[in-house]
1. What is the stretch 114-238 by shape, rounded, prolate or oblate, if you read a ≥ b ≥ c off the alpha carbon gyration tensor as root eigenvalues and call it rounded for a/c under 1.5, prolate for a/b larger than b/c, and oblate otherwise?
2. With θ taken as phi - 60° and the coefficients 6.51, -1.76 and 1.60, list the Karplus ³J(HN,Hα) couplings across the stretch 759-772 in order, rounded to whole Hz; mark glycine and proline as x.
3. In straight Cα distance, which lysines are under 25 Å from K217, not counting same-chain residues fewer than 8 positions off?
4. Take I466, I456, I108 and order them by how many other Cβ atoms sit within 10 Å, fewest up front.
5. Shape verdict for the stretch 208-365, please, from the Cα gyration tensor: rounded (a/c under 1.5), prolate (a/b greater than b/c) or oblate.
6. How would you rank D187, D712, going from fewest to most other Cβ atoms within 10 Å of each one's own Cβ?
7. Residue farthest toward the positive end of the dipole of the stretch 67-192, with Cβ of Lys/Arg at +1 and Asp/Glu at -1: which of V77, S160, L177?
8. Over the stretch 446-486, what is the relative contact order in whole percent, taking alpha-carbon pairs under 8 Å and six or more residues apart?
Amino acid sequence: MKKSQRVRIEFTALMAIVAMASSPLRSQAQIPSAADGTSNLQLEEVTVTATRRSERLQDVPVSVTALSSAVLERNNVRELGDLVKLAPGLVIGYGSQPGNFSISMRGIGTFSNGIAVESDVAVVIDDVPVGFQAEAFTDLIDVERVEVLRGPQSTLFGKSAIAGVLNITTSAPSHELEGKVTALATDDNEDRLGFTVSGPLSDTVRARLTVADSYYKGNVLNLYDGKRINGSSGLTATAKVEWTPTDNLLFSLAPRFNRNQSTCCVSPITSLTPGLYYQGEHQFPASSVLAGIPIGPNNRYIRMDTRPGGGDSKVYGGTARMDYHFADTSLLRGHTFSSITSNDHWTMFDYQDQDGTAVPFLLHFPLSKPSGIDSGASQAGYFHANSVTQELRLTSPDDTRLRYVGGLWYAKNDLNRFLAKGPVLNFSRYLAVSSNTNYSVYAQATFDLTEKLGLIGGVRENRQKIDYTFTNYIANLHFGQANQEDATTGKAGLQYKWTPDIMTFATYSTGYKGQAYDLVSTFNAKEAAQMPVPHETAKNYEVGLKSSLFDRRVYFNLTLFDADYYGFQTSVTSTLPDGTFLTYLNSVGHLQTRGVEIDGAARVTSNFTPNGSFAYTKATVAEFPNGPCYTGQTLAQGCYVDATNSKVQNLKGKPLNNVPKFKVNLGGEYDHALPGMPFDGFVGFAYRWQDDVNFLLSQDPRTVQKAYGVADFSLGGHDSQDHFRVTAFVTNAFDKRYAVGLADTASGFAGLNGAAVGAQGTTWTPPRDAFRYFGVRVDAKF
């Protein structure tokens, strides 16, 4: 297909979807009117803190999807990875263990195994950003709201928000005694149990406690010991205590704890050239090493003799906050001064069966001089992260022409990573230690030039200090360095309120992410001489529409965006002939991402509110002349050897990896009264579809996940006060197979004694819902 034809098809499809999404705007007859006695059909107002102040969602000049606690519960959202079901433009990237998972927005997200590389998407919990992104991949419990902010948010949220923010707000203590118990069980061995109790302890003190336990056995079977893997178990506890000694002063303390054991990220073999031997050793033909494994596109079996993969983590810490509301007699009448302090500790011990087999191949490896070690190869290590933050913030009142928020920000993250691989294959043992300290001053304001026209402006001055030490215990080498850099980011724009319920905006914003170090097992003197990896910057243009229509029974929001990223920091991957998977950090010269985002909902009847969202994202490489080649790529396919004797290709114009061009989410719940019954019934549905993606930036044709759609359904009943609810559900109802990771590797298999036989293979990483499962959930409130 010619490029011009493809562009026309993409444009036609885009316009068709926009037309469908906006169809409620053109047919008022479809929406009941107040004259019909249905004035209660207004959609519930949603308040967000996307601009660091509480505002109505439809008044915020930001592309944001707000997910309430009811929506999260209805879709069984347990962790960050589940949010992709509800937010187009959001993608989770999965690595070999939880320490290198990544979050992307609009195609932009950092994938790195190193501790000294910050994320592109900030995860903020109750106004405090997570210091090391891997900490965020724990259970989400007692969440009041999740806001998915797309595009650079550096002015208000700092340098780790260059691509977007996941802004999470947890529930506050209630003024009346209340509680909730939730239990869930599935037919594929997932169990969850949690409870919440909340209420006043005195006239001025309120408290809330939530504890949740989860267990999922996994969807991959290890034939070596009969255990299921790619699962997890965890215990999470959160609390929040609020004290209001006076009417204008609030103190709060929010401790938190999480313990998680994960056996995730194993990738079963889906194809392999026949007649191979592990490491080319005649004692280990693939037929015996992989005995019982049905190699094929849906394989969910492995055979490994040590812990296959995953990590055991523990997080504990807390946030202390003070909010002081200035009295009407004060010079700062109506203003609020806030002090937010946090301290978090995160530790994870990670494990991986490095050879991916259950055979003692080291007895005969390497072939020229066997090691004689009666085992295979494995790796183990740990991550430590300690984060301290302090913010002082001043927020103006909401009823003035000039509304602003400004403050001072301080954060210090201390991180270290120890890893040992061996005892022979890819033998390494190192300790990497890094810290980053940030000082910022920021302000953002909106000034109403007229009753309808507002001017938006903001600026942030940031200073980053970073340092590292790296010790290679095998080669007895030690490296270290310190760097400092200042940066300015900002935002400017206009918003115009055509009516109280229809608003348009246009903004220009910049983003910044600081310098980085590539502290991984391949780090050496050559890499040290090239450190630090330069900073990353962004320029973003947005035009948007926020509308509440038909007496606020329909909302329809649309955003067009066009962004350029320079010096994009990302790890590229390669696989050694022995199956070892390596990553190394690159600074991509220039990326472009542009597209359309739509969110909408309609209160069709008092008991039926469907919703939908759509994202069209075209993310491409604008400049990367020395990009990585994929396995087996030839000169005719664009791969060549450069002056440093490295295989590279020019990736200019190529799409970014793991970025679906089209993504659609639809959902809703229909409640129906059951006459003569003490309860009402309901049915729910959720459907998501996305275009095909390539999981490798190198454009490997063997790592393409074709387009797919997944449908979930639920039904159940609840009493009139919704104090008791039972839900039966099916996830992936049509049993659609899909992967969240594909790799082009023969997994260490080769011809006999290294003979060249064109060994090829592929693997896949199946997500939680790659296979259909059924479940029941019970919620009881008092």
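What follows draws every value from the coordinates through simple rules; no lab data is involved. Small disclaimer: the values here were computed from a predicted structure and weren't measured. For neighbour counting, all protein chains shown are included, and Cβ atoms are generated from backbone atoms with ideal geometry for every residue, glycine included.
1. oblate
2. For the stretch 759-772, the Karplus-derived couplings read 4, 9, x, 9, 9, 9, 10, x, x, 3, 9, 6, 10, 4 Hz, x marking Gly and Pro.
3. The reachable lysines, counting only those whose Cα sits under 25 Å from K217, are K85, K227, K314, K736.
4. Numbers: I466 23, I456 20, I108 29.
Going from sparsest to densest Cβ surroundings: I456, I466, I108.
5. Working: a/c = 4.15, a/b = 3.87, b/c = 1.07.
In terms of gyration-tensor shape, prolate.
6. Numbers: D187 11, D712 21.
In order of increasing Cβ crowding within 10 Å: D187, D712.
7. Towards the positive end, the residue furthest out is S160.
8. Values: 43 pairs, mean separation 13.4, N = 41.
Relative CO of the stretch 446-486 lands at 33 percent.
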